[in-house]
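The values are calculated or read from the model by the stated rules, or taken from the named source; none is laboratory data. Keep in mind it's a predicted model, so treat the numbers as computed, not measured. Ideal geometry is used to build each Cβ from the backbone, glycine not excepted, and the neighbour counts take in all protein chains shown. These area figures cover heavy atoms from the full protein model, side chains too; ligands, DNA and RNA do not enter into them. Shrake-Rupley method; radii C 1.70, N 1.55, O 1.52, S 1.80 Å.
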Amino acid sequence: MMTAIETRAPILDEARLTRGEAAVSVRGLTRSFGGPAILTDLDLELEAGSFTVLLGRSGSGKSTLLRTLAGLDPAPAGTVSVPKERAVVFQEPRLLPWKRVWRNVALGLRQGDTRAQASAALAELGLSHRLDAWPLTLSGGEAQRVALARALVRRPKLMLLDEPFAALDALTRMRMQALVAQLWQQHDLTVLLVTHDVDEALLLGDRAVVLIDGQIGADIPINLDRPRRHGDPDFIRLRQQLLATLGVDETTG
Amino acid sequence: MASAAVSAARPQDRAISLNVSAFLAQAHRFTVPLLILIVWQALDSFHLINSRLMPSPVMVAESFWQLLVTGQLLGNLWASLIRVGLGLGIGVLLGTGFGLFAGLSRLGEDTVDSTLQMVRTLPHLALIPLFILWFGIGETPKIALIALGAMFPIYLNLFAGIRSVDRKIIEAASTLDLTHAEIIWNVVLPGALPQFLVGLRYSVGIAWLTLVVAEQVNANSGIGYLVMNARDFLETDVIFVGLIIYALLGLATDYMVRVIEQRALAWRPSFIGTQSSGNRANRRAA
Ligand SMILES: Nc1ncnc2c1ncn2[C@@H]1O[C@H](COP(=O)(O)OP(=O)(O)OP(=O)(O)O)[C@@H](O)[C@H]1O
Ligand SMILES: [Mg+2]
């Protein structure tokens, strides 16, 4: 079921995980599903404490890369080092419908008062009143926040987010983006966010990497002051640069 | 103050009228069966049908009472219940065991599934002669037959249920550092439970059906024995009593399975809110 990549990929020493050092290091990663390789000899390093956005066309292999980092997909060639303390949030909340909200969050916790830990994480995401709810009674945004709480409660060093807001309405998405930015600033987190949304990338990330032909084809630092604004000229310039990299010709600018 | 009193009285009125309409809705369902009983009794009273072949409801009720006070009914009912209980219990255990083995491991699927899929095509009632030769005419062949019949729906549904648990949820759970056993316990088995309960409902039905057949083929106790004995003495009223008992038993066990479902699957949207009777009345009235 779970393929542990630890055997293949040495885990970095916890002591080395200070800001400025590599939290994630991928070297020569190649992955194919029988046909042509989706990822070819890919290299990527993520600085500890950084917020990186991963962009790329549909089918370019973003999810595959993220799943490899999450330990869900074996890396047949190459080395992958990731901290063991990592958490994933997918596009769908993927909660267990037969466990109440707090039990979903507490699942896998082994030490101390797990209910207290779960309810603290849920409180941080504004869900204190839904502790005992059944997941199927939650709204889409609430369910996704539970998924975030489930990831956070493990105090991960690395947070892997695969289009976590794609299925939400515009308003909820904006709130969630602000929430993720806030969580990233408050916790000592390295974040890798997969998204299709260039604006989301520029609102949240301090670095954008674009997956092209199975490799990191573009690596663009986002040096914008926070909180960020859509109208900022630098924002607009970066936006056009990113869109051009993605092959979108935006003449209406 | 007057307006407050009025507005306070209103919801109450509505609650009462809801209860009344809910009761009427219930009552409606029994109108037709009741009418049939009355017409049937009338036809019999006026000797329009042969009461030897078709006893009147009153005659059936009298014979029910007779069987009850002489203790025949309870003794035979008990014998039947024991058979079904044991047979169903063994069948469910076996079906669950095989289902878990085949559902959770490749080895289990390769060894158990193909075999059981082959045996499944054989109607289990066809094994009665063989079982009598093997096990004699006591309790063993009956219980074995019920167990065999009840096993397959459990096995098939549990196996399918385990295999159809959402891969994505399993994957998400496996990112939470759970052990293999924890994933099975927290994710796979609860995910397969709804399908298992569907199987259980089928199994209960098959258990009763098998009981009826097994007891009619050969038995010296049980409801089926009562009915076959009555046939020899042309006591159609006793036969009717037997049929009614079968129907009631079927209803009762079906209800039990439904209660289990409601408890075990409380997380399902269709069950959420059905636990409180107030909600139920409201929903029915709506
Ligand atoms: N388990 C699998 N078996 C076969 N092919 C797969 C599998 N998983 C992914 N692929 C293929 O690998 C390619 C990359 O898939 P991936 O999901 O990584 O793309 P993506 O960049 O995340 O796309 P999207 O933006 O649409 O989510 C696709 O062509 C996909 O069909
Ligand atoms: Mg994807």
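I need the calculated FRET efficiency for the pair A:ARG226 and B:LYS168, taking r as the beta carbon distance and R₀ as 30 Å, to the nearest 0.05.
Working: r = 33 Å, r/R0 = 1.11.
Efficiency, from the Cβ-Cβ distance: 0.35.
Zone of B:ALA42 (label point 7 Å along Cα→Cβ, backbone N under 13 Å): which residues in segment B:48-75?
The answer is B:48.
Could you work out how far apart the two model spin labels at A:SER32 and B:LEU93 are, taking each label as a point 7 Å from the Cα in the direction of the beta carbon, and quote it in nm?
5.4 nm
For B:ARG120 and B:LEU35, calculate 0.36 nm times their separation in residues minus their Cα-Cα distance, and state this gained length in nm to one decimal.
26.3 nm
Rounded to the nearest 20 Debye, what is the dipole magnitude of chain B about its Cα centre when Lys and Arg each give +1 and Asp and Glu each give -1 at the C-beta? Provide the component values of the computation, followed by the final result.
Numbers: 19 positive and 17 negative charges, 165 e Å.
Here chain B has a charge dipole of around 800 debye.
Would you please calculate the Kirkwood hydrodynamic radius of chain B over all C-alpha pairs and express it in Å, rounded to one decimal?
23.0 Å
Describe numerically, in nm with one decimal, the distance between label points set 7 Å from Cα along Cα→Cβ at A:ASP219 and at A:ASP41.
1.6 nm
Looking at the protein assembly as shown, what % of the alpha carbon pairs are farther apart than 39 Å?
Every Cα pair in the protein assembly as shown considered, those over 39 Å come to 50 percent.
Tally Lys/Arg at +1 and Asp/Glu at -1 over every other residue whose Cβ is under 14 Å from the Cβ of B:PRO57; what's the total?
Overall, the nearby charge balance is -3.
What list of whole percents do you get for P(r) of segment A:11-163, with Cα-Cα distances grouped in 10 Å bins up to the one holding the largest distance?
Using 10 Å bins, I get a P(r) of 10, 35, 31, 20, 4 for segment A:11-163.
For segment A:102-172, what are the per-bin percents of Cα-Cα distances with bins 5 Å wide, up to the bin holding the maximum?
Reading the bins upward from 0: 3, 17, 29, 23, 18, 7, 2, 0.
Please calculate how many Å² of accessible area the protein assembly as shown carries per residue, with a 1.4 Å probe and no DNA, RNA or ligand atoms counted.
Heavy-atom SASA per residue in the protein assembly as shown reads 51 Å².
Mind giving me the FRET efficiency for B:LEU74 and B:SER105? R0 is 45 Å, r the Cβ-Cβ distance, nearest 0.05 is fine.
On the way: r = 46 Å, r/R0 = 1.02.
The pair B:LEU74/B:SER105 has a calculated efficiency of 0.45.
Just to verify a number: FRET efficiency for B:GLU62 and B:GLN216, C-beta to C-beta distance, R0 = 22 Å, to 0.05?
After rounding to 0.05, the efficiency reads 0.35.
What accessible area, summed over both chains, is buried at the B-A interface (1.4 Å probe, Å², nearest 100)?
2200 Å²
Roughly how far apart, in whole Å, are the Cα centres of segment B:17-71 and segment A:55-102?
65 Å
Could you work out what % of the accessible surface of the protein assembly as shown is carbon and sulfur, using a 1.4 angstrom probe and leaving DNA, RNA and ligands out of the count?
Carbon with sulfur: 61 percent of the solvent-accessible area.
Which of the aspartates and glutamates could be linked to B:LYS142 by a straight reach, that is with a Cα gap under 16 Å, when you skip same-chain ones fewer than 8 residues away?
Hits, sequence-local ones excluded: B:GLU215.
Given a 1.4 Å probe, show me the residues in segment A:81-100 buried by at least 50 Å² of accessible surface when comparing the whole protein assembly to the chain alone.
A:ARG94, A:TRP98
Give the cross-link partners of A:LYS157 among the lysines, using a straight C-alpha distance below 24 Å as the criterion and excluding same-chain residues fewer than 8 apart.
A:LYS62, A:LYS84, B:LYS168
Per DSSP H run of n ≥ 4, the term is -39500 (n - 2.57); total these for chain A, divide by its residue number, and report the mean residue ellipticity at 222 nm rounded to 500 deg cm²/dmol.
Computed ellipticity for chain A at 222 nm equals -9000 deg cm²/dmol.
How much net charge surrounds A:ALA106 when only the other residues with a Cβ under 15 Å from the Cβ of A:ALA106 are counted, with Lys and Arg +1 and Asp and Glu -1? Let's see the in-between values first.
Numbers: positive: A:LYS99, A:ARG100, A:ARG103, A:ARG110, A:ARG115, A:ARG130, A:ARG150, A:ARG154, A:ARG155; negative: A:ASP113, A:GLU124, A:ASP132, B:ASP177, B:GLU182.
Charge balance near A:ALA106 sits at +4.
For the protein assembly as shown, build the charge dipole from Cβ charges (+1 Lys, Arg; -1 Asp, Glu) around the Cα centre, then report which of A:LEU179, B:GLY149, A:GLN240 sits farthest towards its positive end.
Comparing the listed Cα positions along the dipole, B:GLY149 ranks first.
So how strong a dipole does segment A:96-155 carry about its Cα centre when Lys and Arg Cβ are +1 and Asp and Glu Cβ are -1, to the nearest 20 debye?
In debye, rounded to 20, segment A:96-155 gives about 220.
Roughly what would the spin-label model give for B:ARG52 and A:ASP234, points 7 Å off Cα along C-beta, in nm?
Those two pseudo-labels are separated by 10.7 nm.
Test of understanding: what is the full-extension gain from B:LEU127 to B:VAL20, defined as 0.36 nm times their sequence separation minus their Cα-Cα distance?
The B:LEU127-B:VAL20 span can extend by a further 33.3 nm.
Using C-alpha positions alone, give me the convex hull volume of segment B:107-206 per residue in cubic angstrom.
On the way: hull volume 11.8 nm³, N = 100.
Per residue, the Cα convex hull of segment B:107-206 comes to 118 Å³.
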